[in-house]
There are 2 protein chains.
Amino acid sequence: MAGFKRHVFVCLNEREAGHPRGCCKHRGSEAVFKVLKEGAAKAGLAAEVRINRAGCMEHCELGPTVVVYPEAVWYHVPSVEDAETILREHVIGGRIVEQLLMDNIA
Amino acid sequence: MAGFKRHVFVCLNEREAGHPRGCCKHRGSEAVFKVLKEGAAKAGLAAEVRINRAGCMEHCELGPTVVVYPEAVWYHVPSVEDAETILREHVIGGRIVEQLLMDNIA
């Protein structure tokens, strides 16, 4: 059957320097993607959890943006350490990380 | 609150010519993306339905790949006409298009 137990999208969109909305790429989303991608693989989850590159998801000001489906949980992931927390807690452990929810900083 | 009523990801990944798995881009995914993106905007759904660019979603052989969340419905969309069907039925109408489900061709 097509699909994954968990499908995680990381925005890697890049805008020109000085754009008023900024972009996730300039806020460090490539490093976030790398932590999640390599960490999920190391945890043996490559077949059931997909860490996916994505274009702009329209939450630029609150990026780097990560969304986890099918739960539809939106995260603001400003650092590599925060990406490691999401990897350990949500991607591997299945527990939502309240302090990184986008709705909690918006 | 962060998020969308419906979040549609279209694979736009491109591999080198002759790659054994092929890629969604060479199978026509840019045209599929355009139909969905412009169609959703024309239908007045830009704020609640997000048509999103995505990297490889690991179903290359069955592409162009489109997945709709939070329903987690996976489509094989081989033509512009099929993209128009998904736009009309699922994106606008909320009805799953059985004949284009990836599981029905796999």
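The values are calculated or read from the model by the stated rules, or taken from the named source; none is laboratory data. Predicted model only: the values in this text are computed from it and were never measured. Because the Cβ atoms are built from the backbone with ideal geometry, glycine has one as well, and the counts that use them run over all protein chains shown. Surface areas here come from the heavy atoms of the whole protein model, side chains and all, with no ligands, DNA or RNA. Shrake-Rupley method; radii C 1.70, N 1.55, O 1.52, S 1.80 Å.
Quick notes
- Complete set of residues in segment B:57-106 that are β-branched (Val, Ile, Thr), surrounded by 21 or more Cβ atoms within 10 Å (Cβ to Cβ) and part of a loop (DSSP other than H, G, I, E, B): B:Val77
- Scanning segment A:45-54 for residues that are open to solvent by less than 80 Å² (accessible area, probe 1.4 Å) and assigned to a loop (DSSP other than H, G, I, E, B) returns A:Leu45, A:Ala46, A:Glu48.
- Pick from segment A:13-24, criterion within 13 Å of chain B (Cβ to nearest Cβ) and open to solvent by 20 Å² or more (accessible area, probe 1.4 Å), ranking: nearest to A:Tyr69 (Cα to Cα): A:Asn13
- In the set (1) assigned to a loop (DSSP other than H, G, I, E, B); (2) open to solvent by 70 Å² or more (accessible area, probe 1.4 Å); (3) facing chain B (nearest Cβ under 9 Å); (4) modelled with pLDDT of 95 or more, the condition left unmet by A:Met1 is number (4).
- Set B:Val80, B:Val91, B:Val35, B:Val73: member being at pLDDT 95 or above and within 18 Å of A:His7 (Cβ to Cβ): B:Val73
- Residues of segment B:17-44 satisfying the condition of being touching a residue at least 12 places away in the same chain (Cβ under 8 Å) and part of a loop (DSSP other than H, G, I, E, B): B:Arg21, B:Gly22, B:Cys23, B:Cys24, B:Gly28, B:Ala43
- Hits in segment A:48-87 (condition: free of Cβ contacts under 8 Å to residues at least 12 places away in the same chain and either among the basic types (Lys, Arg) or more than 8 Å from chain B (Cβ to nearest Cβ) (or both)): A:Glu81
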